[in-house]
Amino acid sequence: MDQVAQASNNTPPTVAVSLHQVSKWFGAFQVLQNISLTVRTGERVVVAGPSGSGKSTMIRCINWLEQHQSGQIVVDGIELTNSHKTIEAVRKDVGMVFQHFNLFPHLTILENCTLAPTWVKKLSKNDAEATAFEFLEKVRIADQANKFPSQLSGGQQQRVAIARALCMRPKVMLFDEPTSALDPEMVREVLDTMVQLAQDGMTMLCVTHEMGFARQVADRVIFMDRGEIIEENPPLEFFSNPHHKRTRAFLSQVIH
Amino acid sequence: MTDFVTTYGGTLLQGFLWTIILVSVGFAIGSVFGAILAMMLVSGRRGLAWLARSYVELIRNTPFLIQAMLLFALMGILRIRLEPVLVGLVAVAIYTAAYMAEIIRGGLNSIPDGQREGARALAIGPVLQFRLIIFPQLLPFVLPASVNLLATLCKESAFLAGVSVAELTFSGQVVITQTFLIFEVWAIIGVLYLVLVLSIMALAEFLERRMMWLNPAR
Ligand SMILES: Nc1ncnc2c1ncn2[C@@H]1O[C@H](COP(=O)(O)OP(=O)(O)O)[C@@H](O)[C@H]1O
Ligand SMILES: [Mg+2]
């Protein structure tokens with residue numbers, strides 16, 4: 001934990017995201033308790049833990065969808081404060097994929113992907129569309145570019161959501177249970193896309209119960225319980241030798 | 001028959017035009033206040049929301065005629081001299097604002113939080129969020145409902161005859177006192193209301209087909 005604290009103090013460029021002693025309360029309920037975590041550039045970190053343990057809240061603090069009340073969060077060298085400029089700068093650097101996709105239903109797949117690049121990054125329409133097609137091809141859905149989200153399956157929609165986030169050319173990608181809302185037969189196509197993204201070197205922080213994915217791509221697995229990180233290890237160690245009894249209880253539930 | 005048209009047609013036509021003006025201008029002004037009320041309702045500020053909610057419930061749960069009569073009485077008490085049509089117009093605006101507030105609030109609530117979150121995560125600020133994400137999704141919800149409201153207003157505005165606003169129904173009463181053609185005049189008035197409401201419905205259908213054009217994100 002001391003190492004983590006040091007890393008966030010002078011934020012070397014190899015640190016993509018660091019949380020230092022972050023706490024947050026919803027009313028009287030403390031949802032995050034002194035969370036410290038460093039994600040280095042190019043690293044893939046998987047966050048696991050029981051429902052309600054604060055996983056979503058933690059990663060949503062990283063792009064200010066939730067506000068932490070104490071501690072420090074630094075993203076790509078920028079410390080998150082309540083200033084429009086800072087928040088915008090961080091959000092441009094951080095892509096997020098949600099459980100329920102959150103695609104814009106009134107826009108086509110292509111328009112979903114070009115909206116923020118044209119309006120926020122002020123890319124020309126041509127450039128934005130070229131970028132969009134680059135990433136839509138990467139997630140293998142470019143042939144659906146002119147359809148609306150409702151015309152696509154859940155797995156396809158989630159791949160579009162990944163492409164949409166990538167179109168902003170983020171430095172870090174956050175995933176909040178991206179396969180939890182999907183029918184089982186569609187989980188694979190989304191995980192494959194995420195594995196490919198990891199192989200391309202993207203920095204990723206993924207909340208997921210897909211332990212196979214964690215084994216395959218994670219550099220580290222973090223286990224959260226009741227607002228605390230209670231275990232943090234490389235996947236081999238995490239799965240073969242879980243230290244905490246709550247980790248063991250959790251693993252016995254998710255791995256069959 | 002030609003005698004009737006040349007003698008009284010003008011009176012009826014004038015009433016018809018006043019109804020259109022009353023309703024359309026009152027509706028436009030009321031819609032603006034309705035939007036403000038809707039923002040108060042969803043503001044999350046207790047006091048503001050309570051104020052807006054009280055207004056909306058007061059207007060939605062009392063008859064339009066009573067509201068209009070109260071408004072005229074109030075003008076008398078306050079010694080404000082306004083043309084009856086203007087007071088009628090204010091009455092229409094007051095009524096519209098309450099219903100429009102509910103329509104817009106319903107529309108805003110129907111858009112899942114995930115839409116705003118998706119936009120925020122893409123660094124889209126609040127103003128662009130409204131313009132590109134919220135407004136275009138509000139339209140298909142608000143447009144049909146406000147057209148229905150407009151049609152209702154056309155019909156409810158007939159009550160303004162009860163407070164001497166020279167709109168269509170009032171002009172009918174005037175013509176009847178002069179001709180005693182009770183059935184004929186009310187039949188003509190009825191047809192004129194029918195034409196008005198059906199035209200509004202036709203316009204709405206046209207707009208709905210063009211809704212795609214109204215998408216500012218394009
Ligand atoms: N907006 C909120 N207001 C109040 N409590 C919340 C809110 N969001 C989450 N919580 C609570 O915080 C806890 C952690 O939630 P969350 O971060 O979503 O957990 P996880 O993603 O691990 O399932 C839960 O007990 C949840 O009920
Ligand atoms: Mg969650």
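For a quick check, take a GNM of chain A with Cα springs below 10 Å and name the residue from A:Ser53, A:Ser83, A:Ser23 with the largest mean-square fluctuation. With Cα springs under 10 Å in chain A, the top fluctuation among A:Ser53, A:Ser83, A:Ser23 is at A:Ser83.
Taking all protein chains into account, the per residue accessible area for segment B:1-125 stands at 54 Å² (1.4 Å probe).
Residue by residue, segment B:9-14 carries 3J(HN,Hα) couplings of x, x, 4, 5, 5, 4 Hz when phi is fed to the Karplus relation 6.51 cos²θ - 1.76 cosθ + 1.60 (θ = phi - 60°); x denotes Gly or Pro. Near the amide H of A:Thr203, within less than 5 Å, lie the amide hydrogens of A:Gly42, A:Met173, all on another chain or at least 5 residues away, with H placed in the peptide plane.
Please report the antiparallel percentage of the DSSP beta bridges confined to segment A:125-237, to the nearest 5.
50
Over chain A, average the accessible area per residue using a 1.4 Å probe and give it in Å², no decimals. Write out the running numbers ahead of the final one.
Working: 10970 Å² over 256 residues.
Each residue of chain A exposes 43 Å² on average to a 1.4 Å probe.
Please tell me the relative contact order of segment A:121-167 in percent, rounded to the nearest whole number, where contacts are Cα pairs under 8 Å and at least six residues apart.
Values: 23 pairs, mean separation 23.5, N = 47.
It comes to 50 percent, rounded to a whole number.
Phi angles across segment B:70-86 convert, under the Karplus curve 6.51 cos²θ - 1.76 cosθ + 1.60 with θ = phi - 60°, into 3J(HN,Hα) values of 4, 4, 5, 4, 4, 4, x, 4, 7, 6, 9, 9, 10, 4, x, 4, 5 Hz, Gly and Pro given as x.
Of all the options A:Asn82, A:Asn63, A:Asn112, the one that moves most in a Gaussian network model of chain A with Cα springs shorter than 10 angstrom is A:Asn82. Distance between the 7 Å Cα→Cβ label points at A:Lys85 and A:Ala130: 3.1 nm. By the helix-only formula, in which each DSSP H run with n ≥ 4 contributes -39500 (n - 2.57) and the sum is divided by residues, chain B has a 222 nm mean residue ellipticity of -26500 deg cm²/dmol. Computed from protein heavy atoms with a 1.4 Å probe, the total accessible area buried between B and A is close to 1900 Å².
Summing charges over all other residues whose Cβ lies under 10 Å from the Cβ of A:Pro242, with Lys and Arg as +1 and Asp and Glu as -1, gives +1. Kindly express, to the nearest 10 degrees and within the range 0 to 90, the angle between helix A:125-138's C-alpha long axis and the longest C-alpha principal axis of chain A. Approximately 60 degrees, to the nearest ten. Springs join every pair of Cα atoms under 10 Å in this Gaussian network model of chain B, and among B:Gln67, B:Gln129, B:Gln178 the largest mean-square fluctuation is at B:Gln178. For chain A, the longest principal axis of the C-alpha atoms and the axis of helix A:109-119 are separated by about 80°. Computed over the alpha carbons of chain A, Rg followed by Dmax gives 18.0, 55 Å. Of the solvent-accessible surface of the protein assembly as shown, computed with a 1.4 Å probe and all protein chains present, 59% belongs to carbon and sulfur. Taking the helices alone, chain A has a mean residue ellipticity at 222 nm of -12000 deg cm²/dmol, built from -39,500 (n - 2.57) per DSSP H run of at least 4 residues and averaged over all its residues.
The values are calculated or read from the model by the stated rules, or taken from the named source; none is laboratory data. It should be emphasised that the depicted structure is a prediction, and the values quoted were computed from it without experimental measurement. Every residue, glycine as well, gets a Cβ built from its backbone with ideal geometry; the counts of neighbours run over all protein chains shown. These accessible areas exclude ligands, DNA and RNA; they are computed on the full protein's heavy atoms, side chains included. Shrake-Rupley method; radii C 1.70, N 1.55, O 1.52, S 1.80 Å.
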